[in-house]
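Asks: Okay, handing you the structure first.
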Amino acid sequence: MKIQPQTNYRSALEAVKKLKEKYGETWNSINPESAARMITQNRFRTGLDIARYTAAIMRKDMEEYDADPSQYTQSLGSWHGFVAQQNMIAVKKHHKSTRKKYLYLSGWMVAALRSEFGPLPDQSMHEKTAVPSLINEIYDFLRQADAVELNDLFKRLEKGEDVQDKIDNFETHVVPIIADIDAGFGNQEATYLLAKKMIQAGACAIQIENQVSDAKQCGHQDGKVTVPHEDFIAKLNAIRYAFIELGVEDGIIVARTDSEGAGLTQKLPVSQEPGDLASKYLAFIEAETIDINEAKEDDVLLKRDGKLMRPVRLANGLYKFKEGSNIDRVVLDCITSLQNGADLLWIETPTPNVKQIAHMVNRIREVVPNAKLVYNNSPSFNWTLNFRHQAYDEMLAEGENMTGYDRNNLMDAAYDGTELCFRADRKIKKFQVDGAREAGIFHHLITLPTYHTTALHMHDLTAGYFSEEGMLAYVSGVQRQEIRKGVSCVKHQRMAGSDLGDDHKTFFSGEKALKAGGEKNTSNQFKEQESVTEREPVLDK
């Protein structure tokens, strides 16, 4: 699990010099310093290089979490390479390191925003190729962020600044991606083939759910249909074989169970002996005791505890699970997945409640002590309302007078300054810390944050721009904020690679290069400015 060190400029320089000696005069125009600089700025040659590097990071982080639950990890979902790039640039800016910060690739956002069919619901109707394509795009943008930042450092070095240490110890923007393969997009072979493409694009962690692939639903919608354990294990195996074949030995599989909210199954597995996995799955099926004479033509029947039983079967051929069996099914799903090659778990829950999550995880840990979760801090939850209900219950249990609150209207802004609000917001703020400590949550993610922030920001900009504010709405709400906060893309030409390209043209053509960054480049209006958030605080005298 050795994490690959940053490519060293000096070693790259020596390698190019040797190549130049080998090929003689035909390489006279190749400058070893320029070539070594380009090598240093492009650390990762392939997606597999990325997958191996990031898998080692995740394995190390998992070990550190096992030793100390405060060492949990986090990510935000991204639907475009630029969004992911700006995310990681901001992480480095504000937190000084990308350590324990990942990216999440959501199948929901691929369906909603990246399909050639147009916007789609999260039902595996989008092209499966869109998933590895987005992984590849994200890593292209992250590698570009490396190149742009390192290029700036090399230019500063040329001007005499002492930044060699920053170059030698440069931290890449490339971080692990947990990538959603939905229910596998078909049978085991289809899952294997797609997993290979995702890994080759750079994915070190693949998340797969136990729903029927051709009837897949968003985890926060109704109508979910799960598969027997044997079917799911086959897909776990398919992903592991893909990792092994491609040499990503540390690859991570995240096994997601939707059983908490799923009440249906498509198949009745065949039990080979009492108490096997198929038998346990069948025991969850709702069935009624009948006499053989009550059986209808073509009925499906089960023998259970010496009795003849008829499973409850819907008009569409699906079978119902027993009411109240969902938590037991979740626990069995998770234990079975961990015992059959999964590394991490994902439990879809109806609300973000640490105690409820911990209840399930503690049962799983009775069998697999180091079980840990990837947890969806989903925008499908009404976080304000959920936590105000939790705070209401706590205050009521403590004997507080709650007559001033309408339990059916806790979202009301009138409660924003109350003790109920303060308690609820404190619980939201501590949710990730508490979940990591008490409920085995190794990784916290938000699936759709950039979907919602894009909509919110366009809502606000549109309201002002198309009103009497006009251009001031953009200037005050966007550009002025970018300048004062030091947002990287305020100089959008640089961020898109214009300065980098100018330097490359100089490497290739020397003084003959036609460059974009001259005096008439309007980006010169944006001088490098210290971020407001990074200024030294003014101390009280």
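Asks: Compute the FRET efficiency between residue 476 and residue 70 as 1/(1 + (r/R0)^6), taking r as their Cβ-Cβ distance and R0 = 56 Å, and round to the nearest 0.05.
Replies: 0.90
Asks: Could you compute Rg(Cα) / (2.2 N^0.38 Å) for the chain, with N its residue count?
Replies: Taking N as the residue count of the chain, the ratio is 1.14.
Asks: Excluding ligands, DNA and RNA, what is the solvent-accessible area per residue of region 398-470 at a probe of 1.4 Å, expressed in Å²?
Replies: For region 398-470, the solvent-accessible area averages 60 Å² per residue.
Asks: Once neighbouring chains are kept in place and the probe is 1.4 Å, which whole percent of the accessible area of the chain is contributed by carbon and sulfur?
Replies: Exposed carbon and sulfur together represent 51 percent of the surface.
Asks: Now for a separate question. Once label points are set 7 Å from the Cα along Cα→Cβ at both residue 169 and residue 327, what is their separation, rounded to one decimal in nm?
Replies: 5.0
Asks: Starting from the amide H of residue 180, placed 1.01 Å from N in the peptide plane, find each other amide H under 5 Å away whose residue is 5 or more places distant or on another chain.
Replies: 105, 107, 207
Asks: Suppose R0 equals 30 Å. What FRET efficiency, 1/(1 + (r/R0)^6) with r the Cβ-Cβ distance, do residue 507 and residue 116 give to the nearest 0.05?
Replies: Between residue 507 and residue 116 the formula returns 0.20.
Asks: On to the next question. Suppose the chain between residue 152 and residue 307 were pulled fully straight at 0.36 nm per residue; how much longer would it get relative to their current alpha carbon spacing?
Replies: Once the chain is fully extended between residue 152 and residue 307, it gains 48.2 nm.
Asks: With a sphere of radius 13 Å drawn around the Cβ of residue 51, what net charge do the other residues whose Cβ falls strictly inside it have (Lys, Arg +1; Asp, Glu -1)?
Replies: Summing Lys and Arg as +1 and Asp and Glu as -1 gives +1.
Asks: Karplus couplings for region 305-317 from phi (6.51 cos²θ - 1.76 cosθ + 1.60, θ = phi - 60°), rounded to Hz, Gly and Pro as x?
Replies: Values per residue, Gly and Pro as x: 6, x, 10, 8, 10, 10, x, 6, 10, 7, 4, 8, x Hz.
Asks: What longest region of the chain stays clear of chymotrypsin sites (Phe, Trp or Tyr not before Pro) that DSSP places outside H, G, I, E and B and that have at most 14 other Cβ atoms within 10 Å?
Replies: Counting at most 14 other Cβ atoms within 10 Å as exposed, the longest clean stretch of the chain is 118-465.
Asks: Okay, moving on. Any idea what the alpha-carbon Rg over 2.2 N^0.38 Å comes to for region 219-356?
Replies: Compactness ratio reported: 1.20.
Asks: Quickly work out the residue 272-to-residue 298 label distance, labels modelled 7 Å from Cα along the C-beta direction, and quote it in nm with one decimal.
Replies: 3.1
Asks: For residue 359, what accessible area in Å² do you get when you roll a 1.4 Å probe over the heavy atoms of the protein chains, rounding to the nearest 10?
Replies: For residue 359, solvent-accessible area is about 100 Å².
Asks: For a quick check of your reading of the filter: which GluC sites (Glu not before Pro) in region 16-54 sit in a DSSP loop and have no more than 12 other Cβ atoms within 10 Å?
Replies: Listed in order of number, the matching sites amount to none.
Asks: Mind listing which GluC sites (Glu not before Pro) in region 376-456 are in a DSSP loop and have 10 or fewer other Cβ atoms within 10 Å?
Replies: 398
Asks: Kindly write out, for region 456-469 in residue order, the coupling ³J(HN,Hα) from the Karplus curve 6.51 cos²θ - 1.76 cosθ + 1.60 (θ = phi - 60°), rounded to whole Hz, with x marking Gly and Pro.
Replies: Each residue's phi maps through the Karplus curve to give 5, 5, 5, 4, 6, 5, 4, 4, x, 4, 8, 10, 5, 5 Hz.
Asks: Computed FRET efficiency, Cβ-Cβ of residue 489 and residue 314, R0 60 Å: what is it to the nearest 0.05?
Replies: 0.70
Asks: Okay, next question. Loop-only trypsin sites (Lys or Arg not before Pro) in region 5-80, please: DSSP not H, G, I, E or B, and at most 15 other Cβ atoms within 10 Å.
Replies: 45
Asks: To the nearest 10 square angstrom, what accessible area does residue 296 show with a 1.4 Å probe?
Replies: That residue has around 140 Å² of solvent-accessible surface.
Asks: How large is the Kirkwood hydrodynamic radius of region 390-484, counting all unique pairs of alpha carbons, in Å?
Replies: Value: 17.2 Å, from the Cα pair sum.
Asks: A further question on this structure: With each label point set 7 Å from Cα along the Cα-Cβ vector, what nm distance links residue 412 and residue 26?
Replies: The modelled label-to-label distance comes out at 8.3 nm.
Asks: Can I ask one more? Give the relative contact order (percent, whole number) for the chain; include only Cα pairs under 8 Å separated by 6+ residues.
Replies: Computed over the chain, the figure is 14 percent.
The values are calculated or read from the model by the stated rules, or taken from the named source; none is laboratory data. Since this is a predicted model, take the numbers as computed values, not measurements. A quick note on method: Cβ atoms are made from the backbone with ideal geometry, for glycine too, and the neighbour counts reach across all protein chains shown. We work out accessible area using only protein heavy atoms, side chains counted, and drop any ligands, DNA or RNA first. Shrake-Rupley method; radii C 1.70, N 1.55, O 1.52, S 1.80 Å.
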